[in-house]
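Reviewing the structure listed below.
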Amino acid sequence: DYASVLNRISQESCFALAAGHCSIWHLDDVRGDWHCLAMFTPAASIDPSKLRIRLEDHREYFLNLERNRSFIASDTAKAAELLSFPEFSARATTSSLIDVSLCSADKCIGFVRWEDQSGVRQWTAGEIGFANLIAQLLGQIFAVRKLRENEERYHRIFETAGEAMAVIRGEYIVDCNQ
């Protein structure tokens, strides 16, 4: 199940990075907002399906994330790039973070965020490399899911078309609808 895989990845990567929080975000089809697909926070239970980030409110940040593929903040209260996120400048709970773009066919389709609440933290090269590997894996998972959805949609259209349709390879009919 897709949701369980994303939840497991967010949980395991959170533990691996010793982060206090991990969330996986996906850009909606009309590119109007980011919605949370999975979230792991050991201390709390949060329903990720209700979380949204409006692209319009943070346009510069997300354009920069798409261009640079990642953003690392050792101290979120001092990171000028996070000024559009008041929760970071007020240092509510997060003190450092890593955001990494999720890409498919060189297009930014989401991002994964790890947050640490334990204080100012210098993320190591190994931690940043691990975060990038997780993001690449998630990008591939998203691409495979999209391919499956497209294939299912094609088969639905093919099978429910009011006209006779056939797929022919060479001299042979390899498929036809009802």
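The values are calculated or read from the model by the stated rules, or taken from the named source; none is laboratory data. Just so it is clear, the model here is predicted, and its values are computed rather than measured. Cβ coordinates were reconstructed from backbone atoms using ideal geometry, including for glycine residues, and neighbour counts include every protein chain displayed.
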Considering only strands (runs of 3 or more DSSP E) wholly within segment 106-178, the ones with at least 1 residues that are under 30 Å from ASP75 (Cβ atoms) and not hydroxyl-bearing (Ser, Thr, Tyr) are 107-116
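For segment 1-78, which fully contained strands (runs of 3 or more DSSP E) count at least 2 residues that are surrounded by 13 or more Cβ atoms within 10 Å (Cβ to Cβ) and within 13 Å of the chain's Cα centre (by Cα)?
Once the strands (runs of 3 or more DSSP E) in segment 1-78 are filtered for at least 2 residues that are surrounded by 13 or more Cβ atoms within 10 Å (Cβ to Cβ) and within 13 Å of the chain's Cα centre (by Cα), what remains is 21-27, 33-40, 52-54.
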Checked against (1) without any contact (Cβ under 8 Å) to a residue 40 or more places away in the chain; (2) loosely packed, with under 15 Cβ neighbours inside 10 Å, CYS103 satisfies every condition except (2)
Cβ pairs under 8 Å, 6+ apart or interchain, first in segment 139-165 and over 30 Å from ALA38 (Cβ atoms), second modelled with pLDDT under 85 and loosely packed, with under 10 Cβ neighbours inside 10 Å, ordered by first then second residue, are GLU159/GLN178
Note on SER101: of the conditions (1) closer than 19 Å to ALA125 by Cα; (2) assigned to a helix (DSSP H, G or I), unmet is (2)
